[in-house]
Amino acid sequence: MADAPLLSPLAALARTHDPDRFLCALFAPAERREALFTLIAFNHELARAREAARTPLLALMRLQWWREAVEQAAAGKPPRRHEVAAPLHAAIAAGALDPADLLAMADAREAEAEEGGIPTAAAFRAYLRGSAGGFAVAAGRLLGAPPATLPALQQAGAAYGLAGVLRSVPALAAQGRCLLPEDALTAAGLTAEAVLAAPDSVAVRQVIAELAQAGQARLRETIAPLHGLPRGAISAALPLILARRDLARLAAGRTVPAIRGFGDRLAVSLAGLLGRLW
């Protein structure tokens, strides 16, 4: 008889498409882990809305589909037939995931579908707080983080999101996309078109380094409020370990490897095992 699979379908999806958050989720309490994998899968569906759509309008339609899936679950209506929508419905019905958090995550992703890109640094930070930061809030609430720690979790999540955008500039450019704030590009004498044409240029790397340095400063302010995070909720904050390491590389003008090395995985694992973020 064949051995039973070690991972559920959602866990396997999370490991394939979001290995960073999958690793962090392994340090969540066992009884909450599957709901966390569901949240990772939902976030992946939102993140790929623009990538999988041929036009911004189609991306917005995909986001609306997921909003409606959340709203229907919250209203007690039957689940939609989809490999992620069905378990998402169950997690919402069980009270593990807050519909308001999920809807806010979907709303934040609309910035990725805008024709003109993200216009200002303020809008860029709002996008990061709502998307990756929104994920961290939903994960924290799922894991029982005290309400007082949720703003700091959101900032930590936003820092991880910032590092993700910055390290993905070349990959996004290959898709014809640029998420860097237009005012930061203008200040450097650049345009989104210039980033798409030469994402590895010295000028683009300088913008990336400056945004990473600003992210480092905000991240340093995040650590102290998370001292009160209970051990069971530490998984929600573990991405900041990777954010700290990635932003340090990017601020120094270095690249972040596409596949995590042993040092990154070890840093997350030690923080998860010890329950310490600093």
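The values are calculated or read from the model by the stated rules, or taken from the named source; none is laboratory data. Since the model is a prediction, treat every value here as computed from it, not as a measurement. Quick reminder, even Gly has a Cβ in these numbers, built from the backbone with ideal geometry, and neighbours come from all protein chains shown.
Taking the condition of a type in the set (Gly, Ala, Ser), touching a Leu at 6+ places or on another chain (Cβ under 6 Å), surrounded by 15 or more Cβ atoms within 10 Å (Cβ to Cβ) and under 27 Å from Ala91 (Cβ atoms), does Ala136 pass? Before you say what the answer is, go through the steps one by one.
On the way: of a type in the set (Gly, Ala, Ser): yes; touching a Leu at 6+ places or on another chain (Cβ under 6 Å): yes; surrounded by 15 or more Cβ atoms within 10 Å (Cβ to Cβ): yes; under 27 Å from Ala91 (Cβ atoms): yes.
So Ala136 fits the description; yes.
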task = Return only the number of the condition from (1) of a type outside the set (Gly, Ala, Ser); (2) touching a Pro at 6+ places or on another chain (Cβ under 8 Å); (3) at pLDDT below 95 that Pro199 does not satisfy.
result = (3)
ask   = Given Ala159, Ala173, Ala194, which one is closer than 16 Å to Arg21 by Cα and in a helix (DSSP H, G or I)?
value = Ala159
key: Looking only at region 109-132, and only at residues there that are more than 17 Å from Arg48 (Cα to Cα) and surrounded by 19 or more Cβ atoms within 10 Å (Cβ to Cβ), the one that is farthest from the chain's Cα centre (by Cα)   = Ile118
task = Considering only residues that are touching a residue at least 60 places away in the same chain (Cβ under 8 Å) and among the hydrophobic types (A, V, I, L, M, F, W, C), look in region 242-257 and name the one that is surrounded by the most Cβ atoms within 10 Å (Cβ to Cβ).
result = Leu247
inquiry  = Quick check on my filter: what residues within region 168-178 are buried (at least 21 other Cβ atoms within 10 Å of the Cβ) and either farther than 19 Å from Arg50 by Cα or touching a residue at least 40 places away in the same chain (Cβ under 8 Å) (or both)?
reply    = Cys178
remark   = Checked pairs for region 200-211, first of a type in the set (Asp, Glu), second at pLDDT 95 or above and surrounded by 13 or more Cβ atoms within 10 Å (Cβ to Cβ), C-beta under 7 Å and 6 or more apart or across chains, list as Asp200/Pro170
ask   = For Arg260, all conditions in the list (1) in a helix (DSSP H, G or I); (2) under 19 Å from the mean Cα position of the chain (by Cα); (3) in contact (Cβ under 8 Å) with a residue 40 or more places away in the chain hold save one; what is the number of the exception?
value = (1)
query = So which helices (runs of 4 or more DSSP H) are wholly in region 1-76 and hold at least 1 residues that are of a type in the set (Phe, Trp, Tyr) and surrounded by fewer than 20 Cβ atoms within 10 Å (Cβ to Cβ)?
reply = 19-25, 56-74
key: Members of region 77-97 found to be within 22 Å of the chain's Cα centre (by Cα), outside any loop (DSSP other than H, G, I, E, B) and either farther than 14 Å from Leu10 by Cβ or of a type outside the set (Gly, Ala, Ser) (or both), listed by number   = Pro87, Leu88, His89, Ile92
request  = Collect the residues in region 1-52 that are in contact (Cβ under 8 Å) with a residue 40 or more places away in the chain and farther than 23 Å from Ala237 by Cβ, keeping them in residue-number order.
outcome  = Pro9, Ala49, Arg50, Glu51
query = So Gly116 fits all but one of (1) in contact with a helix residue (DSSP H, G or I) (Cβ under 7 Å, 6 or more places away or on another chain); (2) touching a residue at least 24 places away in the same chain (Cβ under 8 Å); what number is the exception?
reply = (1)
